[in-house]
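Read-outs: derived from the displayed coordinates by stated rules, not from any lab. The shown structure was predicted, so the numbers you read here are calculated from the model rather than taken from an experiment. Please note: Cβ atoms are built from the backbone with ideal geometry, for glycine as well, and neighbour counts cover all protein chains shown.
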Amino acid sequence: MNIKVCGITTLKQLEQLDGLNIDFAGLIFHKPSPRYAGDKFKPKEIAIADLDLRTVGVFVDSTYDEILKTVEDFALDIVQLHGDETPELCEQLSEETEVMKVFRLDDETEDIDELVSDYDDVCDYYLFDTASKNMKGGTGKKFDWKKIAKSKIEKPFFLSGGIGPDDAALLKKFKHPDFYAADINSLFEKEPGVKDMGLILKFLQGLK
């Protein structure tokens, strides 16, 4: 199981995650977020650090030009689209970088395969998160994973939303042929944007 830690705001924590062999680190480029990373890193700083983990830029309804400029400035490996981005935008971006499209699920979501169908040919990954009326992400709450377990999906996907330090056993029980990575964030923090490496290490040990 791959692990993505989202909401990173310092180079030091990126380096610490790299030392823990974390696979992906998410940097949020949505200004209203308390974990906004756009003013926390110097351009090219991440590229010079020469990390093994892959960096994921999180965007919410940004334009094509805004996203690509940020990809270049911060040496991002993947873009994560967390808003209402169209398949057409995903297709444009996929010619330049890897694309992860986020789908927010709630009790009313029924057919996940239909939900993702328009994006099948234009994305590299999906991410499933918990829907909220007031927030685009970071709810700290789980959705019903059974909705995914019975869907085909047929795309590597990240599972997000309310995963905490004590959920390793629950994740190990979750089975789907395309389950690629767990995405963790707010429940592993001392404060927004500051991760508790002790909690992350505990989580990783629980996955063994």
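The residues of the range 1-41 that are within 13 Å of Gln80 (Cβ to Cβ), outside any strand (DSSP E or B) and of a type in the set (Phe, Trp, Tyr) amount to a single one, Phe29.
Restricting attention to the range 31-42, the residues being surrounded by fewer than 20 Cβ atoms within 10 Å (Cβ to Cβ) and either within 21 Å of Val99 (Cα to Cα) or of a type in the set (A, V, I, L, M) (or both) number 3. The residue that is nearest to the chain's Cα centre (by Cα), among those in the range 147-204 that are under 18 Å from Gly26 (Cβ atoms) and β-branched (Val, Ile, Thr), is Ile184.
Within the range 158-203, restricting attention to residues that are among the aliphatic types (A, V, I, L, M) and touching a strand residue (DSSP E or B) at 6+ places or on another chain (Cβ under 7 Å), the residue that is nearest to Pro34 (Cα to Cα) is Ile184.
Within the range 1-15, restricting attention to residues that are of a type in the set (A, V, I, L, M, F, W, C) and free of Cβ contacts under 8 Å to residues at least 60 places away in the same chain, the residue that is nearest to Phe174 (Cα to Cα) is Leu14.
With the requirement that a residue be assigned to a loop (DSSP other than H, G, I, E, B) and touching a helix residue (DSSP H, G or I) at 6+ places or on another chain (Cβ under 7 Å), what does the range 176-208 give you? So that I can check it myself, show each step before the final result.
To start, the set of residues in the range 176-208 that are assigned to a loop (DSSP other than H, G, I, E, B) comprises 176-178, 185, 192-193, 196, 208.
Residues satisfying the conditions are His176, Asp196.
Listed by first and then second residue, the pairs linking a residue in the range 186-208 that is on the phi > 0 side of the Ramachandran plot to a residue that is part of a loop (DSSP other than H, G, I, E, B), with Cβ atoms under 6 Å apart and 6 or more places separating them unless they lie on different chains, are Gly193/Gly7; Gly193/Thr9; Gly193/Arg35.
Once the range 43-54 is narrowed to residues that are among the hydrophobic types (A, V, I, L, M, F, W, C) and in a loop (DSSP other than H, G, I, E, B), the residue that is surrounded by the fewest Cβ atoms within 10 Å (Cβ to Cβ) is Leu51.
Restricted to the range 86-121, and to residues that are part of a helix (DSSP H, G or I) and in contact (Cβ under 8 Å) with a residue 40 or more places away in the chain, which residue is surrounded by the most Cβ atoms within 10 Å (Cβ to Cβ)?
Among residues in the range 86-121 that are part of a helix (DSSP H, G or I) and in contact (Cβ under 8 Å) with a residue 40 or more places away in the chain, the one surrounded by the most Cβ atoms within 10 Å (Cβ to Cβ) is Ile112.
Once the range 16-30 is narrowed to residues that are in contact (Cβ under 8 Å) with a residue 24 or more places away in the chain and over 17 Å from the mean Cα position of the chain (by Cα), the residue that is surrounded by the fewest Cβ atoms within 10 Å (Cβ to Cβ) is Leu20. Being surrounded by 15 or more Cβ atoms within 10 Å (Cβ to Cβ), part of a loop (DSSP other than H, G, I, E, B), of a type in the set (Val, Ile, Thr) and touching a residue at least 12 places away in the same chain (Cβ under 8 Å), is that true of even one residue in the range 144-167? Checked against the condition, which is being surrounded by 15 or more Cβ atoms within 10 Å (Cβ to Cβ), part of a loop (DSSP other than H, G, I, E, B), of a type in the set (Val, Ile, Thr) and touching a residue at least 12 places away in the same chain (Cβ under 8 Å), the range 144-167 yields at least one hit. Here Pro43 clears all of (1) within 27 Å of Lys150 (Cβ to Cβ); (2) more than 15 Å from the chain's Cα centre (by Cα); (3) of a type outside the set (Val, Ile, Thr) except the condition numbered (1).
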